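Engineer: After the structure tokens below, expect a handful of questions from me.
The values are calculated or read from the model by the stated rules, or taken from the named source; none is laboratory data. All figures in this text were calculated on a predicted structure; none of them were measured in a lab. Please note: Cβ atoms are built from the backbone with ideal geometry, for glycine as well, and neighbour counts cover all protein chains shown.
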Amino acid sequence: MKNNPEFQKAVSTVLDSKNLQLTKTFTQHGNVSVFAHSMAVAAYSKMLADKLKLKYDSESLVRGAMLHDFFLYDWHETSNIGDGLHGFAHPYTASKNAIREFKLSPRELDIIRKHMWPLTFTKLPKYRESWLVCAVDKYCSVLETFKLNKYNDFSFVNPKLIKKLQQERELNLRLEEGKGKLKEYIHRTNEEAAEKQKEARKKISELRKNNNQPKNISRYEQYKARKG
Ligand SMILES: [Fe+2]
Ligand SMILES: [Fe+2]
């Protein structure tokens, strides 16, 4: 996945988050951080979907998986942070934190909220992407618990490619902003020109009106005209 532009592009949209970077300091299982776990779930979910040749929303799958454990505390030290017991409540806490920072698609939200099924029995995954993350999350958790994982914080991130993609996105944003401003300027100029045209027409019609009216000649001028 390190050289997969689609995967890295989706990762690049959330990677700059300070809170996501903070997940590198929280342990998930064994010696794996929440960050490494989430990246692995995202990468394996995409690999599996590609292998099965599924039709799926790649960006939602990767972003949803990246944020599925965005609960932002060490669950080994804090088992209950207010939303309930960690196992049952952390999908909800993660979704609350994610909504605060990112604009999530319905698929991304579903992935985060339903990934603990069947533990959270009533929260049945709705989308194909949610089912994938739900299954791969369990697979990764088993690997990590038995220290069979071969991944760490750096395994699935390609900083060079991500920087390039972020620069491209920045450039596109500026281009769109420029286009918007140009449109607005043309619109304003057209409106100003129309206003000026309207004023000019008004002036012309007023002048015409005045020219057609008989001139008011004073008595003195009439007397002067008669005298020659
Ligand atoms: Fe989880
Ligand atoms: Fe997880």
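Engineer: I need the full set of residues from region 129-186 which are part of a helix (DSSP H, G or I) and among the polar types (S, T, N, Q), in order please.
Structural biologist: Those that are part of a helix (DSSP H, G or I) and among the polar types (S, T, N, Q): 130, 141, 145, 166, 167, 172.
Engineer: From the list 99, 162, which one is outside the structural domain of residue 73 (by TED's automatic domain parsing) and among the hydrophobic types (A, V, I, L, M, F, W, C)?
Structural biologist: After applying the criteria, what remains is 162.
Engineer: Could you check, for region 23-44, whether at least one of its residues is farther than 27 Å from residue 148 by Cβ and more than 13 Å from ligand 1 (Cβ to nearest atom)?
Structural biologist: No, region 23-44 contains no residue that is farther than 27 Å from residue 148 by Cβ and more than 13 Å from ligand 1 (Cβ to nearest atom).
Engineer: Continuing with this model, one more query. Kindly check whether there is at least one residue in region 48-68 that is in contact with a helix residue (DSSP H, G or I) (Cβ under 6 Å, 6 or more places away or on another chain), part of a helix (DSSP H, G or I) and among the polar types (S, T, N, Q).
Structural biologist: yes
Engineer: Among the listed residues 10, 36, which satisfies the condition of being free of Cβ contacts under 8 Å to residues at least 60 places away in the same chain and among the small types (Gly, Ala, Ser)?
Structural biologist: Exactly one of 10, 36 is free of Cβ contacts under 8 Å to residues at least 60 places away in the same chain and among the small types (Gly, Ala, Ser), namely 10.
Engineer: Mind checking whether some residue in region 90-100 is without any contact (Cβ under 8 Å) to a residue 60 or more places away in the chain and away from ligand 1 (no atom under 15 Å from the Cβ)?
Structural biologist: For region 90-100, residues without any contact (Cβ under 8 Å) to a residue 60 or more places away in the chain and away from ligand 1 (no atom under 15 Å from the Cβ): present.
Engineer: Which residue is surrounded by the fewest Cβ atoms within 10 Å (Cβ to Cβ), if the candidates are limited to region 127-141 and must be within 11 Å of ligand 2 (Cβ to nearest atom) and either closer than 18 Å to residue 63 by Cβ or of a type in the set (Phe, Trp, Tyr) (or both)?
Structural biologist: By that ranking, first place goes to 139.
Engineer: Can you find even one residue in region 77-94 that is within 14 Å of ligand 2 (Cβ to nearest atom) and part of a loop (DSSP other than H, G, I, E, B)?
Structural biologist: Taking every residue of region 77-94 in turn, none turns out to be within 14 Å of ligand 2 (Cβ to nearest atom) and part of a loop (DSSP other than H, G, I, E, B).
Engineer: Hey, does region 142-163 have a residue that's more than 16 Å from ligand 2 (Cβ to nearest atom) and in contact with a Leu (Cβ under 8 Å, 6 or more places away or on another chain)?
Structural biologist: Yes: one or more hits.
Engineer: Tell me which of these residue 116 doesn't satisfy, since it passes every other one: (1) in contact (Cβ under 8 Å) with a residue 24 or more places away in the chain; (2) within 11 Å of ligand 1 (Cβ to nearest atom); (3) in a helix (DSSP H, G or I).
Structural biologist: The number of the failed condition is (3).
Engineer: Quick check on residue 190: is it exposed (fewer than 10 other Cβ atoms within 10 Å of the Cβ), free of Cβ contacts under 8 Å to residues at least 12 places away in the same chain and more than 26 Å from the chain's Cα centre (by Cα)?
Structural biologist: No; evaluated as a whole, the condition is false for this residue.
Engineer: So which of 100, 107, 113 ends up being out of contact with any Pro (no Cβ under 6 Å at 6 or more places or on another chain), surrounded by 15 or more Cβ atoms within 10 Å (Cβ to Cβ) and of a type outside the set (Phe, Trp, Tyr)?
Structural biologist: 107
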